[in-house]
Structures are given as C-alpha cells and as structure tokens.
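**Q** Let me give you the structure first, and then I'll get to my questions.
The values are calculated or read from the model by the stated rules, or taken from the named source; none is laboratory data. Only a predicted model underlies this, so the values are computations on that prediction, with no experimental measurement involved. Here Cβ is always computed from backbone atoms with ideal geometry, including for glycine, and neighbour counts include all displayed protein chains. Accessible surface is based on the protein model in full, side chains and every heavy atom, while ligands, DNA and RNA are left aside. Shrake-Rupley method; radii C 1.70, N 1.55, O 1.52, S 1.80 Å.
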Amino acid sequence: MRELKLVMYVEDDPDIQMVAQMALEVVGGLTLRACSCGQEALAAAAAGVVPDLILLDVMMPDLDGPATLAALRKLPATATTPVIFMTAKVQAAEVTYYKSIGAIGVIAKPFDPMALAEQVRTLWQQAAP
Amino acid sequence: LLEPRDPADEFDRLSALCRLNLLDTPSDDRFDRITRTAQRLFQVPIALVTLVDSNRQWFKSRAGLDAVETPRRVAFCAHAILTDDPFIVEDTAADARFADNPLVTGAPYVGFYAGMPLHDTTGWRVGTLCVIDHVARSMSASDIAALRDLALWAETELNLYSLKRATETSRENESRLRAIVEHAGDAIVSIDDQGIIETFNPAAQRVFGYRAEEIIGRSVMLLAARHHRAGMQQDLAALAHEGIKGVKALNRQVFAQRRNGERFPANLVVSEMRVNERRAFTGLVRDISQRRRSTDDVKRANRRLAETLVLQQAIFDSTNYAIIAVDLQGQVSMFNDGAQRMLGYTEAEMQEQGSLAVLHEPQELAARGAALALELGHPIAAPADAIVARARDGQRDESEWTYVCKDGSTLPVMLSVTAVWDEHTLAGFVVIAQDLSERKKIEQLKNEFISTLSHELRTPLTSIRGSLGLLAGGAAGAFPAPARVLLDIANKNCDRLVRLINDILDVEKIESGSMRFDAVVQPLLPLIEQAVAATNAYADQFQVSFDLRSDAGDMLAAVDADRLLQVVVNLLSNASKFAPSGDVVEVRLRRLAGVARVSVIDHGVGIPDTFRERIFQKFAQADATDSRQKGGTGLGLNISRAIVEKHGGTIDFNSVPGKRTEFYFDLPLVAVQPIE
C-alpha cells in the first residue's frame, strides 16, 4: 500500500490551522499543504498540487467544505483523492451525509492533537482499495 | 192565537223578578194555603201562583195542576201582568184571542180564567194569582174583590218570603266569603280610611306573627318595613282622600315586617270597599321571600350558566385554536372562527365537504390509519376515521398532524380529539387544533442556537485543546516540572469542558426528541467488550480494572450501538472514578425473564439511599464537590437513562455503601437471529 505523505488541509481558522499543522507535521511526520479557504485549495490543485489526502473543514465562509469538495472533484488532480471532513457538528445524520458525498471519514473538533495524525492515517488505510 | 206582548221595561221587570230569589225554589206551604183557599172559595179545579219569566211562566204554587211551567207565549198570566187590573176571560172558547190556545183546546182545558197581578215591593208586576175552570163562568164584583184580597195575601207572602230568601242568601254568601278569607293562603287585612286594621285573617296572623285581637284597632303601619312607612303614609292619605284611584299601583312589591322585626318581600294587592258609606280597603299580602329566594337561586344558576357560556364563546372564538365538531358520519357541524382563519375554509364550505379528510394529506391519513389498525386491533374503515379512531375507542387522543389549508399550504397542528356523548350514545367528535408552526419555529431556532453555540464554542476550544495537547505531548519541546503540572491541569480541564459541551448537546437532543436512534438487532456482548476496551485506559488512571463475564451466550437486542456504548462507557467510567484504588469492577451480562441485564459492580463508598431520588437527574452528584474532583459533568446518568428508556429498557442501581454498588440496565431481548 502507498504511504500517506502529502495532505492538503483546508481550514479558515488560522489558530486551528497552526495547531493541526504541528499535530500532523511535527507529531505525525506528514507533509501539509495548508489552505485558508476553498478557493486557495482549488487554486493549488489547479496549479499542480496532487495530495494523497484532503482534510476539509466543513464550516467556511464563501465556499464551505462540501462545495469545495464538489469543485475539487472537477479538477483532474483531485478528482478521486480521499477526503476527510473535520467538523464541530458531529451528529449521526451529518456524518451519514458527508460520507454520502464521498468522504472516507469525519473527524470531530476539538481533536486530540497527539492522536490526529494516527486518526488520519487509520481512516486513509481503511479507505484504501 | 194572540201572543202576549212584553210589558214596558221588561228587562227591569225581569231583574226585579230575579231579585226575589223565588224562581225554581221548592213548593212552600204558605203559597199552597192561598191557592187551596182560592180553589175552595171559587169552586174551581185549578188555582195558581205564577211568576212570569222571560220565556215561561213558572208556578210557585199549583193547586190542581201537575205541570211546573208553561211557555210564556201561550200563558194567560203573561196577559194578566200587563195592567194592574184583574184579567178575566169568562169564556175562552168564545174569545178569539184564546179559542185556539193549546191550553184551551188541550190539557188543562182552560174554559175560564181570572188572574190578579202580583207586585214586588217596588211595584213590578212579577206574576199572578189566578183561578181556572174547565167551563165558562162569570165573575161578580165580590168575586173580583175576593180574588184581589187573595192576591194581596199572596203579594205579602211573596215579599216576606223573598226577604227571607235574600237574608239567607246573603248570610250564605257571607259565610262563604268568610270561609274564603279564613282559609286563604294569603294574608288578608282590611283597614278603614284612617289605616286602622279592622280584620286580620288567619293567614295574616301566620305571616305577620300578630294575633288578630292584638292587631285589630292598631295602625296598618306596624305591618310595613320601617323604610317603607313614609311611602305608606302617603298612600294612606291618598286612599283616604281619593280612594283607590289615588294610589298608583294596586298590585306591587313591598317590604313588610313581621312582629319579630324580620322584614320580608311581599306582593300587595289593594281593593276598595264601601262600608256604611265609608271607604275601607282590603289588602291581600303574599309573602314572596321564598319565591324571591328561589328566584335568586335561579338567577345565580343563570349567571353561572352565562359565565360558562361566555367562557365557551371566548374559547370558541379564540383565534389560536380551530374547533371543529363532526357527527358520526364525519359531517362537519361546527367550524369556528379560529378554524376559518387557520384553514381558509368557511363553515358553509366545510359543511358541504361531509368529511374532515379534505384537511389532511391522504398519505398521512393512510399511514396513520394503518398504524392505528395495528394499535387498536381493528381496521380503520374510512381514511378520515384515522382522525377519530382513538377517541371512538374511548381513548384520549392528542397527536401531531399536518393540516392542509384551502390554498394548499400546510401547517403542523396538535389535534385533540374528544368523543361527544349524548347521554350514553356516541354523538360525534370535537377536534381542537392548535397551530404548532410558531412552536416549531421556536424549537428550530433553539436547536439552531444550541447547534451554533456548540460550533462557536468548539472552534476556540479546538485551538486551545490542540495547543495544550501539543504542549503536554511534548510536540513543542520539554517543560520544567512546575510548568508541566500547570499544563496538565489546563489540559485536563479543557477535556472536561469539551465533555460538558458534548453532554449538554446530548441532553438538548434528547429533550427536543432530535436524538436519532438507529436500532439494529445485534448481539450485546461485543458491544460490552468494546466499551470495556474503550474505558480500560481511563480506569488505569484510578488503578481500577474490569472483569467482564457473560453467562448467557449470545443475547440479541435492538440497539443503537453508538448510544449503547455511550451508556456502558458512562457506567464503567463512573465505577472507575468511585471504586477504591486496586478494585476489580465486575461487568456482568445476564439473561433474565425476557430481558438482558448489564451490570457494573464496584466496591466503593456507594450511594446513600437519600440520593436515590435525584441520582438520575441532571447535574446530580451525591457530593457536590465530587463533580469537580472526579471530573464528571453531572449529566452522564441522566443521558444514560434517557438512552436506555429510548431502547424500551430500564436502568437502576442497588448499593450497600462501602461494600458493593451495582448499576444495571435491562434491555428487551429479541429472539430472532441478526440479519447477516
């Protein structure tokens, strides 16, 4: 199985972005391409960034998580990339909905920073063909 | 035949005749003596004392005649009373006036007639004394004189007799009147024109409490209530002066007063009489206090009824509720203003519908009908019957429905359906609909607010928890020991804050009914194992371990795995927190009658019995300080109970403080194999 290396992370809150970045890079040893909004992620993908996995915040101004996902799917670089949503709203109905639009998993906020990378890796491995 | 003419002033003559009180009275010897004397004196077969009535002559005395009376038009006497002279027909057969008279041609075969008019005291000729022979004869002057003498005798008897009769009659009338007065239910008081009481009947004595002898001769004022006396004084003056015309109301309500001072409402009717050319008055007094009281009762009842009606009308006119009455056939008989406003139909339009179905979505009616058929154990006949089926079976029914308005729009409503009974027969139903749109809107707002709040709180918490976690985890390098202690405190409390927010959200979801339960039939043991595995690390902190045993093999129950896990984890972590260090917490899965019991048993301080009542309530912990020391939220058991009850189960505990505390919940077992 392919090793998880490059993760595209879209999160509008800079503090959370910083914490997650440390959790994933420093603790988890992953490479992160952090974006502050959906448009930035689209631009990056269009500019040739090909992530192994996309971590998407759900609630974002302008383009929210699901909208960003829909747009990313139209780009060749991210047409099939596995996606994990991160959200404060973890209700059963919502998890079902996110999975129905193609997410391989949902991670609840607040997350455990020391375990985040492990959580992401586990979901990625479970979804791998 | 010559018929007799009427005398002048016949009406007055007849009145005088009636005043004699003689007509149709029994025969009397005093008159019979006269006719017998006449019979002998004149040697005639028939002698009569006759009274000429309006259309007959009636015989007060009849010597030699059987008939009691004869018609006036053939009566000789009717001619005799026309003058004061004697009326003599010596030979009837030779007299053209009488030759064909039936009394001449037939019985009693009058051949001769001689009559003398009889006068009453005022001179009216009321009848005759007459003698009759079957053959013609003549009357000499002395005969006529003799007849006149006999007639005067008869007149004297007539008037004496009449006077006696009149006296008797008046005495009779008086005693009759007295009987009436004595036995009257109403008080009858007569007064003179000065207001002095003259008579006081027994009823008056009963009503007023005075004996007749003590009140007669005293002023009638004594009988009036004090506040009525001034008015009565005026009335008496008017009565004395002008008689009854001077008093405005002859029949009216007054306040009277009894001897003991008690006042009472009475009806008074006053009439005037003339006694010895003086005015006197009779008052008829009826005590109506009883009637007033019952009238008051009726008034009170009416007032209550009116209040109830006003209340009903107010409810009925209420804008917020639609009130609809239907008969057994579903025909709408009432559709109040509220219903018209809520639904857009007029009462007339609804009455044309003949069913309530038009207000409902057909699919909802069908679905509800199917569910009710199962619940009630009998089919639901018509779609609209689903609305009233429970009420028809005598049950209370309050359920949420969707109403469809005339314009096609829909609104959520709470329908209360009540059966209406006419005596013991079901007559129809009343449906009261409350518009829930506003409530739903508010509920939604509240849910959105809590949801938003949780998200808004979680965003900063995510940064804080993340930062603290990274620091505590050493991702930013090592810290000196005091800083580590502080960091651990911050980290631990941050975790607690997160749990608190999660629990509050859970409670809100449970209370609003928005918590989803996806019940799937599955074996219980793996879930318990999973819960134990998830809590092991937590229990380690307290040096507590779990001992899981199941003696019942695979037990199946319909459960929402995540929620049930939440319950078991809650019980396990509670046990960990409260168990003494080194304790082995027993986790048992057992089969009881129809249920699976999951028990978590620790050997800690236990729970005092006084706390039993509150332990499943929100923010309840036996020792208020425990919450902080043990890091709990005070919501765990409350949430657990709600989840267990949602699964149709029960949760409880038994505790021997210091020895053994068992928390357990029972879930209904499912017999079938899980669907693979």
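**Q** For segment B:234-270, what are the residues that are among the polar types (S, T, N, Q) and loosely packed, with under 14 Cβ neighbours inside 10 Å? Outline the logic, then answer.
**A** Narrowing segment B:234-270 to residues among the polar types (S, T, N, Q): B:234, B:251, B:253, B:257, B:260, B:267.
Hits for segment B:234-270 are B:Gln234, B:Asn251, B:Gln253, B:Asn260.
**Q** In addition: Filter segment B:205-244 down to the residues that are part of a loop (DSSP other than H, G, I, E, B) and touching a strand residue (DSSP E or B) at 6+ places or on another chain (Cβ under 8 Å) and list them by number.
**A** Result: B:Tyr210, B:Ile216, B:Gly217, B:Arg218, B:Ala225.
Every residue, every condition in (1) within 8 Å of another protein chain (Cβ to nearest Cβ); (2) among the basic types (Lys, Arg); (3) at positive phi, yes or no:
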position	(1), (2), (3)
B:Lys441	no, yes, no
B:Asn447	no, no, no
B:Ser451	yes, no, no
B:His455	yes, no, no
B:Gly469	yes, no, no
B:Gly474	no, no, yes
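**Q** A further question follows. Give, as residue ranges, the strands (runs of 3 or more DSSP E) completely inside segment B:45-150 that count at least 1 residues that are out of contact with any Cys (no Cβ under 9 Å at 6 or more places or on another chain) and surrounded by fewer than 16 Cβ atoms within 10 Å (Cβ to Cβ).
**A** B:69-71
**Q** Would you pick out the residues in segment B:319-333 that are more than 20 Å from B:Ala382 (Cβ to Cβ) and touching a residue at least 40 places away in the same chain (Cβ under 8 Å)?
**A** The first filter runs over segment B:319-333 and keeps only residues more than 20 Å from B:Ala382 (Cβ to Cβ), leaving B:319-323.
Residues satisfying the conditions are B:Asn320, B:Tyr321, B:Ala322, B:Ile323.
**Q** Test B:Glu511 against the criterion of being of a type outside the set (Ser, Thr, Tyr), in contact with a strand residue (DSSP E or B) (Cβ under 7 Å, 6 or more places away or on another chain) and more than 14 Å from chain A (Cβ to nearest Cβ), and give yes or no. Steps first, answer last, please.
**A** On the way: of a type outside the set (Ser, Thr, Tyr): yes; in contact with a strand residue (DSSP E or B) (Cβ under 7 Å, 6 or more places away or on another chain): no; more than 14 Å from chain A (Cβ to nearest Cβ): yes.
When the stated conditions are applied, B:Glu511 does not pass them.
**Q** Where the second residue is open to solvent by 10 Å² or more (accessible area, probe 1.4 Å) and part of a loop (DSSP other than H, G, I, E, B) and the first is more than 12 Å from chain B (Cβ to nearest Cβ) and more than 18 Å from A:Thr31 (Cβ to Cβ) and lies in segment A:105-119, which pairs have Cβ atoms under 7 Å and are six or more apart or on separate chains?
**A** A:Val106/A:Val90
**Q** Okay, next question. What about A:Ala103, is it at pLDDT below 90 and touching a strand residue (DSSP E or B) at 6+ places or on another chain (Cβ under 8 Å)? Please lay out each step first, then the result.
**A** On the way: at pLDDT below 90: no; touching a strand residue (DSSP E or B) at 6+ places or on another chain (Cβ under 8 Å): yes.
No: the conditions fail for A:Ala103.
**Q** Going by the conditions given, is A:Thr122 more than 13 Å from chain B (Cβ to nearest Cβ), surrounded by fewer than 19 Cβ atoms within 10 Å (Cβ to Cβ) and either free of Cβ contacts under 8 Å to residues at least 12 places away in the same chain or within 25 Å of A:Glu25 (Cα to Cα) (or both)?
**A** For A:Thr122, the condition - more than 13 Å from chain B (Cβ to nearest Cβ), surrounded by fewer than 19 Cβ atoms within 10 Å (Cβ to Cβ) and either free of Cβ contacts under 8 Å to residues at least 12 places away in the same chain or within 25 Å of A:Glu25 (Cα to Cα) (or both) - is met.
**Q** Another question, then. Which condition from (1) more than 30 Å from B:Ala671 (Cβ to Cβ); (2) within 13 Å of another protein chain (Cβ to nearest Cβ); (3) surrounded by fewer than 20 Cβ atoms within 10 Å (Cβ to Cβ) is the one that B:Asn536 breaks?
**A** (2)
**Q** Turning to a different aspect of this structure: Taking the criterion of being in contact (Cβ under 8 Å) with a residue 40 or more places away in the chain and β-branched (Val, Ile, Thr), would at least one residue in segment B:572-585 satisfy it?
**A** Among the residues of segment B:572-585, at least one is in contact (Cβ under 8 Å) with a residue 40 or more places away in the chain and β-branched (Val, Ile, Thr), which makes the answer yes.
**Q** May I ask you to list pairs of residues, at least six apart or on different chains, whose Cβ atoms are under 7 Å apart, with the first in segment B:196-216 being closer than 19 Å to B:Gly261 by Cβ and touching a residue at least 24 places away in the same chain (Cβ under 8 Å) and the second being of a type in the set (Asp, Glu) and not in a helix (DSSP H, G or I)?
**A** That search, which allows pairs on different chains as well, returns B:Val207/B:Asp287.
**Q** Within segment B:181-204, count every residue that is under 17 Å from B:Leu268 (Cβ atoms) and part of a helix (DSSP H, G or I).
**A** 3
**Q** Quickly run through segment B:391-411 and pick out the residues that are open to solvent by 40 Å² or more (accessible area, probe 1.4 Å) and more than 12 Å from B:Val431 (Cβ to Cβ). Walk me through it before giving the result.
**A** Pass one, segment B:391-411, residues open to solvent by 40 Å² or more (accessible area, probe 1.4 Å): B:392-396, B:398, B:400, B:406-410.
Answer for segment B:391-411, where residues must be open to solvent by 40 Å² or more (accessible area, probe 1.4 Å) and more than 12 Å from B:Val431 (Cβ to Cβ): B:Arg392, B:Asp393, B:Gly394, B:Gln395, B:Arg396, B:Glu400, B:Lys406, B:Asp407, B:Gly408, B:Ser409, B:Thr410.
**Q** Working carefully through the options B:Asp287, B:Asp317, B:Asp337, find the one that is acidic (Asp, Glu), touching a strand residue (DSSP E or B) at 6+ places or on another chain (Cβ under 6 Å) and either surrounded by 11 or more Cβ atoms within 10 Å (Cβ to Cβ) or closer than 25 Å to B:Pro412 by Cα (or both). Break it down into steps so the answer makes sense when it comes.
**A** Numbers: B:Asp317 fails: touching a strand residue (DSSP E or B) at 6+ places or on another chain (Cβ under 6 Å); B:Asp337 fails: touching a strand residue (DSSP E or B) at 6+ places or on another chain (Cβ under 6 Å).
The match here is B:Asp287.
**Q** Now, a different point. Considering segment B:314-347 alone, what residues qualify as being outside any strand (DSSP E or B) and among the aliphatic types (A, V, I, L, M)?
**A** B:Ala314, B:Ile315, B:Leu328, B:Ala339, B:Met342, B:Leu343
**Q** Determine whether B:Ala483 is under 25 Å from B:Gln617 (Cα atoms), more than 14 Å from every other protein chain (Cβ to nearest Cβ) and open to solvent by less than 50 Å² (accessible area, probe 1.4 Å).
**A** Details: under 25 Å from B:Gln617 (Cα atoms): no; more than 14 Å from every other protein chain (Cβ to nearest Cβ): yes; open to solvent by less than 50 Å² (accessible area, probe 1.4 Å): yes.
No, not satisfied.
**Q** Hey, any hits in segment B:220-227 for a residue that's open to solvent by 60 Å² or more (accessible area, probe 1.4 Å) and either under 22 Å from B:Phe255 (Cβ atoms) or at pLDDT below 85 (or both)?
**A** yes
**Q** Looking at B:Leu500, B:Leu525, which one is under 22 Å from B:Ala642 (Cα atoms), at pLDDT 90 or above and open to solvent by 30 Å² or more (accessible area, probe 1.4 Å)?
**A** B:Leu525
**Q** What residue, among those in segment B:612-641 that are open to solvent by less than 20 Å² (accessible area, probe 1.4 Å) and within 16 Å of B:Asn502 (Cβ to Cβ), is modelled with the highest pLDDT?
**A** It comes out as B:Ser640.
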